[in-house]
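Encoded as structure tokens, the structure appears first; notes follow it.
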Amino acid sequence: MLGWFGRRSRRRKLLRAPVEGDWNRFLLVNVPQFAQLHVDQRDRLLDHTRLFMAEKRFEAALGYQITDEMCVTIAAQACLLLLADDPITARYFPRIRSIIVYPETYAAPVKATGPAGIVTEGRSFRAGEAWHGVGSGVDGYIILSWADVKRGAADPSDGRNVVLHEFAHALDGESGSVEGAPALKDKAEYRAWSRVFQREFAELRAAALHGQPTLLNTYGAQSPAEFFAVATEAYFEQPWHMKQMHPELFGQLKRFYGWDPGGGGLG
């Protein structure tokens with residue numbers, strides 16, 4: 001209990017310090033949603049960003065050098081998912097301890113077993129991934145390509161944002177498994193979530209199979225976990241379109257995230 005009260009005290013002390021001079025510029029350039037927020041929402045996102053950066057490790061891969069711009073950009077984009085929470089009591093992705101940043105898309109080893117039991121190994125080029133340590137007792141981490149983080153901000157309405165995607169996976173993992181259902185309040189919420197997400201997932205899979213155009217990235221047709229991450233990207237980058245084309249899905253995500261990126265206030 002003392003540790004929790006001590007954390008609150010440290011957070012309040014940190015938020016009394018002035019904001020770094022370049023932070024607003026980084027946010028306006030690299031977090032397009034920032035300019036669309038109400039003034040009180042901007043202040044809250046800044047508070048979340050400062051606390052996130054104070055409580056997480058940022059590490060460079062391949063001898064790369066971490067800059068303030070990278071930390072602020074990644075932290076702020078991730079904290080869009082937590083904007084409705086009170087910064088003093090927010091749980092900043094508790095299974096994630098480190099954010100590892102590569103300069104560009106990076107290669108990761110992959111292993112697959114075919115139907116005849118034949119194991120093939122290779123390398124896959126990735127923009128990001130989430131290792132949340134579920135069930136392992138090991139702290140989790142997020143890996144991101146800085147070039148892809150910047151690309152995600154360059155077109156704020158294309159429904160593609162690697163930071164939102166990977167931190168959605170981190171939220172998903174807080175429920176104890178990664179299956180497209182983050183921690184919700186009660187059984188009634190899980191039933192409503194399941195009904196909407198199962199139907200929408202099935203529709204996306206059918207659209208992907210038949211090559212039909214969709215608002216949601218068909219990458220989400222791979223699994224319920226990827227569907228939740230892709231839906232999160234669209235919710236924050238294409239809220240007006242999602243509200244019109246997928247109203248029930250939009251409603252579930254609004255209930256979960258607690259605010260409307262299309263112009264609604266908090267709560």
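The values are calculated or read from the model by the stated rules, or taken from the named source; none is laboratory data. Since the structure is predicted, the reported quantities are computational estimates derived from the model, not experimental observations. All Cβ positions, even for glycine, are placed from backbone atoms using ideal geometry, and neighbour counts span all protein chains on display.
The set of residues from the stretch 103-129 being touching a strand residue (DSSP E or B) at 6+ places or on another chain (Cβ under 6 Å), under 24 Å from residue 55 (Cα atoms) and at pLDDT 85 or above comprises just one member, 129. Among residues that are surrounded by 15 or more Cβ atoms within 10 Å (Cβ to Cβ), modelled with pLDDT of 95 or more and part of a loop (DSSP other than H, G, I, E, B), residue 184 is not included. Of the residues contained in the stretch 82-103, one or more are found to be part of a helix (DSSP H, G or I), closer than 28 Å to residue 178 by Cβ and either touching a residue at least 12 places away in the same chain (Cβ under 8 Å) or touching a Cys at 6+ places or on another chain (Cβ under 6 Å) (or both). The residue that is nearest to residue 252 (Cα to Cα), counting only those in the stretch 161-181 that are in contact with a helix residue (DSSP H, G or I) (Cβ under 7 Å, 6 or more places away or on another chain) and surrounded by fewer than 20 Cβ atoms within 10 Å (Cβ to Cβ), is 181.
Of the residues that make up the stretch 152-159, is at least one outside any loop (DSSP other than H, G, I, E, B), under 28 Å from residue 61 (Cα atoms), at pLDDT below 95 and not hydrophobic (A, V, I, L, M, F, W, C)?
yes
Cβ separations smaller than 8 Å between residues 6+ apart or across chains give the following pairs from the stretch 51-73 residues that are of a type in the set (Ser, Thr, Tyr) to residues that are buried (at least 20 other Cβ atoms within 10 Å of the Cβ) and assigned to a loop (DSSP other than H, G, I, E, B): 73/31.
Could you tell me whether residue 58 is exposed (fewer than 12 other Cβ atoms within 10 Å of the Cβ) and either out of contact with any Asp or Glu (no Cβ under 9 Å at 6 or more places or on another chain) or part of a strand (DSSP E or B) (or both)? Full working, then the answer.
Working: exposed (fewer than 12 other Cβ atoms within 10 Å of the Cβ): no; either out of contact with any Asp or Glu (no Cβ under 9 Å at 6 or more places or on another chain) or part of a strand (DSSP E or B) (or both): yes.
No, not satisfied.
Reported count of residues in the stretch 6-55, each being more than 23 Å from the chain's Cα centre (by Cα), of a type in the set (Lys, Arg) and assigned to a helix (DSSP H, G or I), is 5.
Only one entry in 201, 197, 250, 236 is surrounded by 18 or more Cβ atoms within 10 Å (Cβ to Cβ) and in contact with a Gly (Cβ under 7 Å, 6 or more places away or on another chain), namely 197.
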